[in-house]
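Read through the structure below, which is laid out as structure tokens, and then see the notes.
The values are calculated or read from the model by the stated rules, or taken from the named source; none is laboratory data. For clarity, every value in this text was computed on a predicted model and none was experimentally measured. A quick note on method: Cβ atoms are made from the backbone with ideal geometry, for glycine too, and the neighbour counts reach across all protein chains shown. With ligands, DNA and RNA removed, areas are computed over all heavy atoms of the protein, side chains included. Shrake-Rupley method; radii C 1.70, N 1.55, O 1.52, S 1.80 Å.
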Amino acid sequence: MAAQWCIGLMTGTVLDGKVDIAMLKTDGHTIEEFGPCTLASYPPETNQLIAEAMTAAQEWNFASEEPEIFARAEKALSEGQARAISHFLSKNSISTQNIALIGFHGQTVLHRAAKDGRKGATRQLGDGQILADMLGISVIYDFRTQDIEAGGQGAPLAAIYHQALLRSAGLSDNPADTAILNLGGVGNISWWDGQNTLIAFDTGPANAPINDWVNAHNHGDMDRDGLIAASGQVDEDRLRTLLEHPYLTAPFPKSLDRNSFTQNMATGLSVQNGAATLTAFAASAVGKGLDILPKRPAGLVACGGGRKNPQLLKEIETRANVKIIQAEELGWRGDAVEAECFAFLAARCDRKLPISFPGTTGVPMAMSGGVKATPHQHTS
């Protein structure tokens, strides 16, 4: 099947009220062309609704019927993202007829990894049928459930796209020397040996605890440019204790929920020292992740919002003993990689190609996923 234009959507766990939108021309194997991309906003009241749904999700913990707020938040989120795509297409003078598929990740409100023989569970808010009907474009969504049902972690899913990026960058000669690090609310890493081994897992927290800490101390919604952390001192004793957490040395596959590691790790410290310590912990966790790979890479390509935090990158280079390469140095769009990924995954799912692998999510065998929503016919 020929390459087609697909749109990918990604809403991270940092809860910034924004959605990444990116276009990609792909056949699910290769990246033929990058299209426009943007960071769009949806209404503040929608973001507030999602934040409340995430709080309710913590109390729910997959134990009973879903909280009623989920349905309201899901509808608002789906309609908000459909409107954002409509505006994006209009602004770029692109007809909906030219888009084959939308890959809709939705908003993760709760994710529980498989553990000790117990299946995992995951919940992303996002109704693909709403998008399909509002836009008249087929939508692939709910990417993680099939993986979870098969005994996988449900995350991370970006590895197969990261592999395509490494190929496109000409790094396939010695790919094991360079891995991809995405710094979102959580950090995750993808490593490929150039042959058949693809490995991916969550390294630990990244932006989420830092953002929450800074926000809780009324210093804005994030540590912009890492300036607060840079002005503080790392509590090295506390950091040593934090680094004893069993997750960090546990074998992959493994994944985290946004709230697996929280701002409470810095309780009792000044705002500056707390930010410095949380930043150093995120960086050190990356180093622990590199240590368990079959071959420790010398370089990491940084993607995601965290790559804009110079203090975090500096700490990663120092504490993880690795060279950071900005995604843009390879001609990639660091802000758009995750959204592009879901355009790529949509194309793969539509062609029944695998998106989950034993070395990425721990599924028994490579498998596809996703649910397809096709637009209902409108009758006048």
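Here are the numbers for this structure:
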| quantity | calculated |
| --- | --- |
| Most mobile of GLY331, GLY35, GLY362 in a GNM of the chain (Cα contacts under 10 Å) | GLY331 |
| Overall form of segment 82-201 per C-alpha gyration tensor (a/c, 1.5; a/b vs b/c) | oblate |
| Note, ³J(HN,Hα) from phi for segment 272-284, Karplus 6.51, -1.76, 1.60, rounded to Hz, x at Gly and Pro | 5, 5, x, 4, 4, 6, 5, 5, 5, 5, 4, 5, 5 |
| In sequence order, calculated HN-Hα J values of segment 211-223 (Karplus, 6.51, -1.76, 1.60; Hz; x Gly/Pro) | 4, 5, 5, 5, 5, 5, 9, 6, 10, x, 9, 6, 8 |
| Along the chain, longest interval not containing exposed GluC sites (Glu not before Pro), exposed being DSSP loop plus at most 10 other Cβ atoms within 10 Å | 69-243 |
| Cα-based shape type of segment 185-299, given that a ≥ b ≥ c are square roots of the gyration tensor eigenvalues and the cut on a/c is 1.5 | prolate |
| Solvent-accessible area of SER270 with every protein chain in place, 1.4 Å probe, in Å² to the nearest 10 | 50 Å² |
| Residue-averaged 222 nm ellipticity for the chain, from DSSP H runs of 4+ at -39500 (n - 2.57), nearest 500 | -10500 deg cm²/dmol |
| Sparse-neighbourhood loop sites, trypsin sites (Lys or Arg not before Pro) in segment 240-339 - DSSP loop, at most 16 other Cβ within 10 angstrom | LYS295, ARG333 |
| Compactness of segment 1-159, expressed as Rg and Dmax over alpha-carbon positions, Å | 16.2, 51 |
| Cβ-derived FRET efficiency at R0 41 Å, GLU65 paired with THR374, nearest 0.05 | 0.90 |
| Other-chain or far-sequence residues with amide H under 5 Å of GLY187's (modelled H) | THR203, GLY204, ALA206 |
| Percent accessible area from carbon and sulfur atoms, the chain, protein chains only, probe 1.4 Å | 48 percent |
| Prolate/oblate/rounded call for segment 253-299, Cα gyration tensor, a/c under 1.5 rounded | oblate |
| Probe 1.4 Å, accessible area per residue of the chain, Å² | 41 Å² |
| Per-selection metrics, the chain (Cα): Rg and Dmax in Å | 19.7, 69 |
| Contact order normalised by residue count of segment 154-303, Cα under 8 Å, 6+ apart, percent | 31 percent |
| Rounded to the nearest 20 debye, dipole of segment 98-150 from Cβ charges on Lys, Arg, Asp, Glu | 320 debye |
| Kirkwood hydrodynamic radius (C-alpha pairs) into Stokes-Einstein, segment 282-380, 20 °C and 1.002 mPa s, D in µm²/s | 131 µm²/s |
| Over 24 Å between alpha carbons, listed pairs LYS25/LYS288; LYS254/LYS314; LYS288/LYS323 | LYS25/LYS288; LYS254/LYS314 |
| Rg/Rg_globular for segment 147-208, with Rg_globular taken as 2.2 N^0.38 Å and Rg from C-alpha atoms | 1.17 |
| Estimated vicinal HN-Hα couplings, Hz - segment 183-194 in sequence order (Karplus 6.51, -1.76, 1.60; Gly, Pro = x) | 10, x, x, 10, x, 9, 10, 10, 9, 9, 8, x |
| Under 19 Å from the Cα of LYS352 - aspartates and glutamates, other chains or at least 8 residues apart | ASP27, ASP142, ASP147, GLU149, GLU340 |
| Hits among lysines - C-alpha to C-alpha of LYS75 under 20 Å, sequence gap 8 or more where chains match | LYS18, LYS372 |
| Mean separation of Cα contacts under 8 Å, 6 or more apart, over the residue count of the chain: relative contact order % | 22 percent |
| Tail weight of P(r) past 21 Å, computed on alpha-carbon pairs of segment 23-107, percent | 45 percent |
| Net lengthening on full extension, ALA250/SER90 (0.36 nm per residue, minus Cα-Cα) | 52.9 nm |
| Spatial extent of segment 137-180: Rg and Dmax, with the Cα atoms as the point set, Å | 14.1, 40 |
| For segment 213-267, alpha-carbon Rg relative to the globular expectation (2.2 N^0.38 Å, N residues) | 1.35 |
